[in-house]
Structure formats: structure tokens, C-alpha cells
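Here's the structure we're looking at; comments come further down.
The values are calculated or read from the model by the stated rules, or taken from the named source; none is laboratory data. Being a predicted model, the structure only gives us computed values, none of them experimental. Backbone-built Cβ (ideal geometry, glycine too); neighbour counts: all protein chains shown. Areas reflect the complete protein model, heavy atoms only, side chains present, ligands, DNA and RNA absent. Shrake-Rupley method; radii C 1.70, N 1.55, O 1.52, S 1.80 Å.
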Amino acid sequence: MAAPRAPLPQLLLFLVAALLAAAPVRKADGAGEFDVRRHLSTVTRYDVARGSNSVNSMPSVSDGCRVIHLNLVARHGTRAPTKKRIKELDRLSIRLEALINEAKQGLKSDSLKKVPSWIKGWESRWKGRTKGGELTSEGEEELYNLAIRVKERFQDLFDDEYHPDVYSIRATQVSRASASAVAFGLGLLSGKGKLGPGNNRAFSVLSESRASDICLRFFDSCETYKAYRKRKEPDVQKQKEPILEHVTAALVDRYHLNFTTQDVSSLWFLCKQEASLLNITNQACGLFNEAEVYFLEWTDDLEGFVLKGYGESINYRMGLPLLKDVVQSMEEAIIANEENQPDGTYEKARLRFAHAETVVPFSCLLGLFLEGSDFEKIQREEALDLPPMPPQGRNWKGSVVAPFAGNNMLVLYQCPGKTSDGSTSGSQNNSYFIQVLHNELPVSMPGCGNKDFCPFEEFKEKIVKPHLKHDYDMICKIKPPMAREEPATFSSKVSGFFTGLFSQKGYRVASAENVKTEL
């Protein structure tokens, strides 16, 4: 009789253990190129993300082209921990004290020698706070400086006298998003008014009600998405468990404290807050070696992929109202340009400030950060594989896709058109192009032949049109149970993903159909 095959969870544990053992073991705050602040997923600061952006695309704007319109979709800047997370850190403080006391009462008198000194008596920087999630001063600077760079980069676009219908600034009704819009507006219009020593001027920030804002908070009103997320969140947590268990075992062995996986999860969160908000990398972050940071970062990126990104089409299809709004604004700008409407009578920029839950789906609608032939799969509405696991490289990284203040800019250009005899043509079809900038860098679009500079009509036909067969109201209303089509389960996707990983490494793995234990 053949030996029974190991259930999938045991295989996953074996894989993670092998990869962790094979990966570099250098402290997160050690010397060298490794910087933990670049591996904090969506908690990464914008200036750090820009410095580590690996998007490989060179500017390709033709000579003679001029900008006629700009669309900006930006995440809010760096923020303080939310109220829920502040409570988690308070619980962590109590838990660490209990672990220290437990170690003191242990049989080994030297059990505390391995414990980092900062843990003894540690208290959260946010202890006692009853509110959180607000934009920090660093977050204000991120958006203020972004505005200054945008204004300098597109000087001709922003040389008009300010009017709210010419430069439309919009934000969600969440304080950190609206504060980000204000910080951006201050940078954009600095020196253009008469208020105070900085010659500032007042400007308008428009917001829709949270209950009806399907352009920037579409995720709040989409019942299908909320049901999907509620159903999938437990699966994601199960998928993260193998890595958390191995990191926990390593930390228990390293520091002689009886950490649980919940302790490690909270310590990783503390690491991200300290490194991002306080530039402290030698406390909580110092507990983890480089390999462990890579794997913990992957668990965060996996969560973002499954619950906000390409993990399921509902995640980005619900952003269709935003995509339509962007295209409509550009079409209106083209009409104004064709009619030679005078400056100051039409919109030149539409500037939006929202959340990761807005920026990530919008990036997916554009087809950014895909692997290989994934764009064709999306066009056929097929499920995508999960992001490759370390040490493999991957395009989907939260620190690049949606760091604090992460943004997509769609820049509309008019370029001299060329006819068959080489003469210049004013034809609308020939002369308008879109360039997509992600975090201010040109990024290639698979739907436009992996170019970052795409004819507007081709952009509409190949990237926008396939999404238009769906309708927000239809996809966001929960279907009756008998009518609902059940997509491939998350567990089956995970099974297939790791089966492929093992196959590449020469391991023999049971097929998903033969594995009864679900992840």
C-alpha cells in the first residue's frame, strides 16, 4: 500500500519552513541595503515607496504634445493608528508584561537574557488615546509636496486663475482624506492668493455622503462586495497561519518568551507603525530577521490581493463608476479643446482623494501590476493565481500599489497627428493620448501593448470597454442563492497555487481534489 500523502496544510508548513531556513538571516535593522521601511505593504511611507519603486518604464511622450487635462486618484497620506488598532497595541503592552513575568518565574534563571531591553516595561506611544486614524503631519507633507511637484511638472495646465470648476478637488467624507485634499490644495495654490504670509487662497473641496458616494467609496455601497469580503476574510487568516506559526516558533526559540501567533501578528503591526510613523526600526522590527520580514510582508500583500485587488473581480468591478467618471472628464476636455473654448471655461484637472480601497481597485481596472498573461485572463474573466511567494519576485506589492499617498495620474495629451502623407492632422482619433503615472512614474498598461503612452481611442476600446458590459447596480446587489454563480473558492485557488510551487521545486503534491482538509 502506498504511503498516505500529507494533507495540504502540512505541505504548506514544510514549504514555509524550508524557504525561511534558506532565506538570508540578517537583522531587520542591520547594515546593508535591506531597509524594513520598504517592506511594510500599504503602511509604507510615500517617500520610501517612491525611492524603491521598481516599475520599469521610461517616459515616452512625443515632442510637440501638450497636456490638456489631468485626472488624479490618490490615497490619503500617512495616518495615525485607528481606534481599533490603538486598543490592540494596549492589549499588546499588557501581554508583553505578562510574558516577562512568566519568564521571571521560569526554571531557567537566564531566560531573560535573550529578551530585548525595550520589551521590559514597554507602553504604546498611543496609550490612552480614544480616537485615531487622523492624518499626521508627515501625511500632510506628503500631499503638499506631491502638489508642488505636480504643479511644476504640468506648469501650463495649472497657470489659470483658480476656479472650482476648472480645478475640481474632491474627497471622501473621512477626515484623513479631506485633510489630504486640503494639504494638496495648499501646495497647488501656494502663492496664488492674499491670505497670510504664504499668500494662500481659499479653495473648494467637494464630498459626497458616505452612503451615496459610489465614485470614491463604492465599497461602502456594494452589498455583493461586503458579502464577499465577510466570506473570504476567515480564509485569508487561515492562509496566513502557516507563516505566522513558523515565525512564532522562531521568535520563541530566539527570545525564550512564549509568544502566540496573535502576539506575533500584533508585534508585526507594531513594527509597521514604529517604522512608518516614527522611523524606529530597532525595536519591534528588530525582533524579525530579513527572511521573516519578507514573508510577513507577503501575508499583508496576499490579504490586499484577495480582499481588495485581483483576488476576485467584484473587488475592482465595483470601481466602474470611478472609471466612467475619469473617462467622461477626459472626453469633456477633448470636446472643449476641439471647440477652442477659452481657458477658464472648462475643467483642466479633476483631483480626488480617497483610500487604499479606492486606489487598489482603480489600479486593477487599468490592468496594472499583473503577472505574465494575467491581463488576458482578466479579459476572459478567469481567476488569477496568488502573488508569488518569497523568495520569488512579484509585481503585486502593497508598498508600490498603494502606499500612503499612493496615486494614479491619467494625463491627457494632444499630440500633432500624422496622416499617410506625413502632414499634420487635427483628427481627434489621431491626436489624443493617455499617459498613466503611478506614484509619479510612467507605468505600462498591458491593454495598450505594455506602453505607458496610449492613444485615447485605444485606451477606451481595450481597457475601458471590456468593463462596460457590467453595471454597478447589477453587480453590487446580492443575487438570490439559486441565481448566484459560485466562482472558484479561495481554498481551491490556494491549493492550485502551492501545488504549482511544489511542482516547480520537484516535490510531488496531491491534487486539490484529493485533499479533504480545507485551508
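Miscellaneous remarks
- Simple Cβ-charge dipole of the stretch 294-394, Lys/Arg +1 and Asp/Glu -1, about Cα centre, in debye nearest 20: 100 debye
- Using Cβ point charges alone (K and R +1, D and E -1), the dipole size of the stretch 373-417 about the Cα centre works out to roughly 200 debye.
- Charging the Cβ of each Asp and Glu at -1 and of each Lys and Arg at +1, and nothing else, the dipole of the stretch 342-475 about its Cα centre rounds to 180 debye.
- Pair E134, K113: separation of 7 Å Cα→Cβ label points (nm): 4.7 nm
- In whole angstrom, the stretch 228-302 maps to an equivalent ellipsoid with semi-axes of 21, 16, 10, each derived as √(5λ) from the alpha carbon gyration tensor and ordered largest first.
- Over the stretch 325-477, the pair-distance histogram of Cα-Cα distances with 5 Å bins from zero comes to 2, 7, 15, 18, 19, 16, 10, 6, 4, 2, 0, 0 percent, rounded to whole numbers.
- The stretch 325-420, relative contact order in percent, only Cα pairs under 8 angstrom and at least six apart counted: 27 percent
- Peptides 275-287, 150-162 ordered by packing proxy, namely the average of other Cβ atoms within 10 Å per residue, highest first: 275-287, 150-162.
- Remark: the stretch 83-90, residue by residue, has Karplus-estimated 3J(HN,Hα) of 4, 4, 6, 4, 5, 4, 5, 4 Hz, where x stands for each Gly or Pro and the curve is 6.51 cos²θ - 1.76 cosθ + 1.60 at θ = phi - 60°.
- Rolling a 1.4 Å probe over the protein heavy atoms leaves E381 with an accessible area of roughly 90 Å².
- If the chain linking T260 and A227 were pulled fully straight, counting 0.36 nm for each residue of separation and taking away their Cα-Cα distance, it would gain 8.9 nm.
- Given R0 = 25 Å, the distance between the Cβ atoms of I148 and S175 translates into a calculated FRET efficiency of 0.65.
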